[in-house]
Amino acid sequence: MPATPNPATAATGLNFPAGTALTARGLSVHFGRNKVLKEVSIDIAAKAVTAIIGPSGCGKSTFLRALNRMHELNPDARMEGDIRLFGDDIYARGVEPVIVRRRVGMVFQKSNPFPTMSIAENVTVGLRLNGLRDKKLLAERIEQSLQMAALWDEVKDRLNAPAISLSGGQQQRLCIARALAVQPEVLLMDEPASALDPLATQKIEDLIVHLKKDYTIVIVTHNMQQAARSSDYTAFFYLGELIEFGPTAKIFTNPSQKRTEDYVTGRFG
Amino acid sequence: MNPANRQPDRAKSQHGDSAFKWLTLAMALVIFVLIGLIGFELLRGAQVSMHKFGWRFLVSSDWDPVNDVYGALPAIFGTVVSSLIALIIAVPISVATAVYLTELAPQWLRQPLIMFIELLAAVPSVILGLWGIFVMVPFLRDPVFPFLQKYLGFLPLFKGPTYIGSSMLAGGIIVAIMIIPIITSVSREILRSVPGLQREAAYALGATRWEVTRIAVLSYAKKGLFGAVILGLGRALGETMAVTMVIGNSSQIVASLFAPANTLASVIASEFNEATGPIYPSALFELGLVLLGVTVLVNILAQLLLKTFAGPSVKPQH
Amino acid sequence: MTVSNHNWRKFKNAFMQTLTFVCAILVVLPLVLVFYHLVKEGFSALNWNFFTKLPKAVGEHGGGMVNAIAGTFILLLQAAIFGVPIGVLGGVYLSEYGGSKLNWWIRFAADILNGVPSITWGVVVYGLLVVPMHGPSALAGGIVLGMMMIPLVMRTTEEVLQLVPGGYREAAMALGIAKWKTTVQIVIRTALKGIVTGVLLALSRVAGETAPLIFTAFGNLGWAHKLTEPIAAMPLLIFNYAISPYDDWHRQAWAGAFVLLMLVLAINVGVRFLTRDRFKQKA
């Protein structure tokens, strides 16, 4: 593994109990002539929740999207650096983004269940379109994924109802179930609760804490309380740079950088 | 699922992706194939006539199947004049209606009117032609033409016998009816795309509704409206069935609008099936080529005007 | 501002409002008149025979145009088979692989093609198919209508696909679904209603086309037994009957026009109801 150029990461000297899921080294992303992410190096702990915080425009969403190559959907995007998923270089020649995305799932800010499909179809769409036909296995996955997403009890009697008949919070949990159904190793969440009411937000947060037993989770949020409540590690981004990274408790109570302190205490952002 | 059993899928999805992209690209490129085909077939069909008559074809006013001599001038003349009549009638009515629909009409009336106009656009040309033959032409023959002659008869345009009915003027009117819906709906899109701020600024000056329309809307939308009119002209030049049925089908150049005439499209429609020998069909192909050239040029102009007009994506409709 | 000036402005406002209203009435008037005469002349000429019998020779009363009604549907079916796949897939390219200069040219060319006079299409297909096949045929008629549908369907397909929120594409891609499967199973499926609407409107437009059929389908007083034989179509029969000198045929023309207009308007009105709630659900 190449030497870490970023002092912020090196200084933390983190030792993850369940190992490292993702390592990014010298990660930069340009959109046209704009450099929105500047030489970021960071390790993401396996089976833990890592929160990415920072003011809008700091590159946190871009960072998240680089982790499963979603930024490539934008034709102007260009990326430099190196990202490894459990040791595999996800940008290596011949590695298809489609395969990377099956291993690194994603949940979006706005819930986006497919409107033409039922609840059950939404859960299994990733599997079916990747060639899984076994009805029994699909039925198992539906229950399993909805259980994990804490939605099973609410929808088990109407699995064939249209997905868009669900409430906003339920739709977002359905999207989580849909992402879980393909059994990814890492789950990325881009402000998953920002469009929800407090009660639904609470449920999503509980779910995140629950899911880390099995999954590596990276969550982008602008909500400081949410980061403090549900994450184990926190990374603070500012103007495309990783300013500070460490255990959440340390970032929120005893940050080593002045800018981090200013941000988490609400002095700017 | 472990990475190993994902291997076979990888190749499949990559091939699937590029195959699908190439398939859709090929289908999109069919557009160019069609354009090439149209140009090629018309040029090929017109060879004999082009060879025989050369450029004289465009300026000769003889269209004489009996002696196998052909000139396009009467048809070009008829096309231009009938389209001009159509524009003179259709443009003020269409633009005024578009203004009414976007600026002046009460809200509850707008949707039903718009729906009516869209339905009018959907009426097949042949049905309008049928109505033209049996309702409009008899009505023009009596009382409209005699009335026009009585009061405007001093002009050469309104001289000559009025009893035929099927005439240049009838053709122009029916084309006007055909192109009113398209000019109206494209104009409406243009007017709708005028920013609301423009209107508010004018209202804030204490302008009346009409003044707002004139100052803020019409002056802003001039170029786009011109594009709508040119688009209508393109349709008018190529309009076939309804014109063929009421224009009288006579290849002559006379001043009287009460006299039968012909257009490029109507000559082809009414004579193609009877055309025999090597030259006659070829001359009709060449008329088609002239018609294509003119309409394509006019349509390019219209599209450029509409596309450079800020904002609206105006879809062509018929 | 003087009072008289103010009154003059108010009068001008009212005058323009009235004038534009009158113009709107003038626009609607032809449709009302056409509709009135079609119902008056056409509906009364309709009877059971019209839908079940073949045309009678001149001078004989009765008869119908069952062959022309069937012919129109056969032509439309062929047109759809030929034109819809090309139009829809081309529209998919414009929407999903967009952004390049090439797309601008394709769109531009499609818009120009939409403005090509229908008679021109007829002449082109005459040279392309009728001459080599030694005569007009149902096949040539179907193909010419299909060709006319291609640019129409392509543009509407592109438009409705672009209405599909990008979030659905992203969600599918994030599940590791290949782009072409995302396009077919998610994007097209979401926009299916809109695509079907576009196809139906294109069909309703070519259903009334006459000019391109005169030298391709040609018309037939009986049945076409093969696609290589000339075939009857409602618009053609209406045209031929209308320009004939016989009262019986005029009556049939009115009846045919009534049925054809009902068909076209039914599709137009029908799709308006179909699409009323398109994308109403929040995306």
What does the accessible area per residue of the range B:162-266 come to in Å², with a 1.4 Å probe and no ligands, DNA or RNA counted? 32 Å²
Are there residues in the range C:210-241 whose accessible area shrinks by at least 50 Å² when all protein chains are included rather than the chain by itself, and which are they (probe 1.4 Å, ligands and nucleic acids not counted)? C:Phe215, C:Phe239
Under-5 Å amide H pairs with B:Ala207, H placed in peptide plane, nonlocal only: none
Top of A:Val95, A:Val40, A:Val104 by mean-square fluctuation, Gaussian network on chain A, Cα under 10 Å: A:Val95
Any idea how far apart A:Thr265 and A:Ala18 come out in nm if each label point goes 7 Å out from Cα toward Cβ? 3.4 nm
Could you derive backbone 3J(HN,Hα) for the range C:72-81 from the dihedral phi with the Karplus parameters 6.51, -1.76 and 1.60 (θ = phi - 60°), listing whole Hz in sequence and x where the residue is Gly or Pro? 4, 5, 5, 4, 5, 4, 4, 4, 5, 4
1/(1 + (r/R0)^6) with r = Cβ-Cβ of A:Gln225 and B:Ile300, R0 = 41 Å, i.e. FRET efficiency to nearest 0.05, evaluates to 0.10
Going down the table (A:Lys156/C:Lys179; A:Lys136/A:Lys203; A:Lys60/A:Lys110; B:Lys21/C:Lys179; A:Lys110/A:Lys250), which pairs top 20 Å between alpha carbons? A:Lys156/C:Lys179; A:Lys136/A:Lys203; A:Lys110/A:Lys250
Residue separation between C:Phe11 and C:Gln162 times 0.36 nm, minus their alpha-carbon distance, gives in nm 49.8 nm
Summed for both chains, how many Å² of accessible area, to the nearest 100, are buried between A and C with a 1.4 Å probe? 2000 Å²
Accessible-area value, C:Val259, 1.4 Å probe, nucleic acids and ligands omitted, Å²: 30 Å²
What spacing in nm lies between the two simple spin-label points modelled at B:Arg56 and C:Ser44, each 7 Å away from Cα in the Cβ direction? 5.5 nm
Take the solvent-accessible surface of the protein heavy atoms, probe 1.4 Å, and return the percent of it on the range C:49-282 that carbon and sulfur atoms account for. 67 percent
Whole-Å semi-axes of the range C:112-154's equivalent ellipsoid, largest first, each the root of 5 times a Cα gyration tensor eigenvalue? 20, 11, 6
Name all residues of the range A:203-243 having a backbone nitrogen under 13 Å from the label point set 7 Å from the Cα of A:Ser167 along its Cα→Cβ direction, giving them as ranges. A:203-204
Long-range amide H partners of A:Tyr238, meaning residues 5 or more apart or on another chain whose placed amide H is closer than 5 Å, are A:Ile243
Which aspartates and glutamates have a Cα lying under 14 Å from the Cα of C:Lys10, excluding residues fewer than 8 positions away in the same chain? B:Glu211
Put C:Trp180, B:Trp108 in order of accessible area, largest first, 1.4 Å probe: what do you get? B:Trp108, C:Trp180
Order by accessible surface, 1.4 Å probe, largest leading, for residues C:Val22, B:Val194 comes to C:Val22, B:Val194
Value at 222 nm in deg cm²/dmol, rounded to 500, when DSSP H runs of n ≥ 4 in the protein assembly as shown each add -39,500 (n - 2.57): -18000 deg cm²/dmol
Computed FRET value (nearest 0.05) for A:His30 with B:Lys307, which takes r as the C-beta separation and R₀ as 30 Å: 0.45
Would you rank A:Ile251, B:Ile173 by solvent-accessible area, highest first, keeping every protein chain in place and using a 1.4 Å probe? B:Ile173, A:Ile251
Pseudo-spin-label distance C:Ile25 to C:Val184, built 7 Å along Cα→Cβ, given in nm, is 5.7 nm
All aspartates and glutamates inside 19 Å of A:Lys47 as judged from Cα atoms, apart from same-chain residues fewer than 8 positions distant: A:Asp88, A:Glu185, A:Asp190, A:Glu205, A:Asp206, A:Asp214, A:Asp232
Taking a ≥ b ≥ c as the square roots of the eigenvalues of the Cα gyration tensor, with a/c under 1.5 meaning rounded and otherwise prolate when a/b exceeds b/c and oblate if not, the range A:100-155 is rounded
Leaving out ligands, DNA and RNA but keeping every protein chain, what accessible area does B:Leu113 have, in Å² rounded to the nearest 10, with a 1.4 Å probe? 20 Å²
For B:Tyr220, tell me the accessible area in Å² from a 1.4 Å probe, rounded to the nearest 10. 80 Å²
What list of ³J(HN,Hα) couplings, whole Hz, do you get for the range C:87-103 from phi and the Karplus terms 6.51, -1.76, 1.60, once you set θ to phi - 60° and write x for glycine and proline? x, 5, 5, x, x, 4, 4, 4, 7, 8, 10, x, x, 8, 5, 3, 4
Classify chain C from the C-alpha gyration tensor, please: rounded if a/c falls under 1.5, else prolate or oblate depending on whether a/b exceeds b/c. oblate
Which residues qualify? For B:Asn249, with a placed amide H closer than 5 Å and at least 5 residues away or on another chain, they are B:Ala261
Around A:Leu73, what is the net charge, scoring Lys/Arg as +1 and Asp/Glu as -1 over all other residues with Cβ under 12 Å from its Cβ? +1
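The values are calculated or read from the model by the stated rules, or taken from the named source; none is laboratory data. Predicted model only: the values in this text are computed from it and were never measured. Counting neighbours? That spans all protein chains shown, and the Cβs are built from the backbone with ideal geometry, glycine included. Surface accessibility is based on the protein's heavy atoms, side chains included, excluding ligands, DNA and RNA. Shrake-Rupley method; radii C 1.70, N 1.55, O 1.52, S 1.80 Å.
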